[in-house]
Amino acid sequence: MPIASRAHVEVPILNGHVYSINDNATVEDAATDYEFMIRQLVKVRTIGVSERNDCPKFDLILLTMGSDGHVASLFPNHPAMELKDDWVTYITDSPQPPPERITFTLPVINSASNIAIVSTGDDKAKAVHIAVSDMAEGLDAPTSLPARMVQPTDGKLVWFLDKAAASFLDSKNDDDDACYDRHE
């Protein structure tokens, strides 16, 4: 079960506060419908708006990162990384199962007040190192590591890492797990 699903189950949330993606529609229709729903929630001010880019401003976006540095179904060098005007998009050619996915775009993610990226395992260590380092060593283009492009425009980004995922980072923290805070 994905982390978001587990968290959703364990936290008492009123059904009226849950806005699900229609999994009975095609991914294209589901993405269009979900973006329409989010736009309606912004219109009635259920969700705030970023003053910088008119995207919805969620209180928290919780992400995990894959070993290739993907977040939120935004994969390295995928055209979805370049979208600026859409809030929700879909992909039909995911390099990892499932092939069809729906996701927020980077402008929406980066408009959140708080973004948390959780990463565990030694297979993520290299991507974590590149994503949080000051120098983008070995990157041929910014879109080659989506996690590095998570940069809140007016918010805070915190990484939650286990020791294995943090193993390539220079750290004075000898704890088993680490929290890395990066914000502008």
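The values are calculated or read from the model by the stated rules, or taken from the named source; none is laboratory data. Here the structure is a predicted model, which means the values were calculated and not measured. Note: ideal-geometry Cβ built from the backbone for every residue, glycine included; neighbour counts use all protein chains shown.
Scanning region 47-56 for residues that are of a type outside the set (S, T, N, Q) and touching a residue at least 60 places away in the same chain (Cβ under 8 Å), which turns out surrounded by the most Cβ atoms within 10 Å (Cβ to Cβ)? Reasoning before the result, please.
Here is the first cut: in region 47-56, the residues of a type outside the set (S, T, N, Q) are 47-49, 51-52, 54-56.
Filter again for touching a residue at least 60 places away in the same chain (Cβ under 8 Å), leaving 51-52.
Working: E51: 10, R52: 12.
The extreme case among them is R52.
Just to check your reading of the model, which residue among M81, M65 is buried (at least 16 other Cβ atoms within 10 Å of the Cβ) and either farther than 24 Å from K126 by Cβ or at pLDDT 95 or above (or both)?
Working: M81 fails: either farther than 24 Å from K126 by Cβ or at pLDDT 95 or above (or both).
Just a single option satisfies the conditions, and that option is M65.
H8 - would you say it is within 24 Å of P152 (Cα to Cα), modelled with pLDDT of 90 or more and surrounded by 12 or more Cβ atoms within 10 Å (Cβ to Cβ)? No, not satisfied. Residue pairs whose Cβ atoms lie under 8 Å apart, separated by 6 or more positions or on different chains, with the first residue in region 101-117 and under 12 Å from W87 (Cβ atoms) and at pLDDT below 95 and the second in a strand (DSSP E or B) and of a type in the set (A, V, I, L, M, F, W, C), do not occur.
Do we have P76 as within 29 Å of G16 (Cα to Cα) and within 17 Å of the chain's Cα centre (by Cα) here? Break it down into steps so the answer makes sense when it comes.
On the way: within 29 Å of G16 (Cα to Cα): no; within 17 Å of the chain's Cα centre (by Cα): yes.
It is false that P76 is within 29 Å of G16 (Cα to Cα) and within 17 Å of the chain's Cα centre (by Cα).
Can you find even one residue in region 15-32 that is under 19 Å from the mean Cα position of the chain (by Cα), hydroxyl-bearing (S, T, Y) and not in a helix (DSSP H, G or I)? Looking for residues that are under 19 Å from the mean Cα position of the chain (by Cα), hydroxyl-bearing (S, T, Y) and not in a helix (DSSP H, G or I), one finds at least one in region 15-32, hence yes. Among the residues of region 36-50, are any closer than 30 Å to A127 by Cα and basic (K, R)? Checked against the condition, which is being closer than 30 Å to A127 by Cα and basic (K, R), region 36-50 yields no hits at all. When each of I38, I117, I109 is tested for being in a strand (DSSP E or B), aliphatic (A, V, I, L, M) and touching a strand residue (DSSP E or B) at 6+ places or on another chain (Cβ under 7 Å), the lone residue that passes is I117. In region 79-90 there is no residue that is hydrophobic (A, V, I, L, M, F, W, C), closer than 18 Å to L157 by Cβ and assigned to a loop (DSSP other than H, G, I, E, B). For first residues located in region 34-46 and surrounded by 12 or more Cβ atoms within 10 Å (Cβ to Cβ), partners that are in a loop (DSSP other than H, G, I, E, B) and of a type in the set (S, T, Y) and lie 6+ apart or on another chain with Cβ distances below 8 Å form the pairs Y34/Y19; M37/Y19; I38/Y19; L41/Y19. Evaluating T64 against the criteria (1) touching a helix residue (DSSP H, G or I) at 6+ places or on another chain (Cβ under 9 Å); (2) touching a residue at least 40 places away in the same chain (Cβ under 8 Å); (3) part of a loop (DSSP other than H, G, I, E, B); (4) not aliphatic (A, V, I, L, M) leaves one unmet condition, (3). Taking residues in region 12-29 that are free of Cβ contacts under 8 Å to residues at least 24 places away in the same chain, and partners anywhere that are surrounded by 10 or more Cβ atoms within 10 Å (Cβ to Cβ) and not in a helix (DSSP H, G or I), the pairs with Cβ atoms closer than 8 Å and at least 6 places apart or on different chains are D29/N22.
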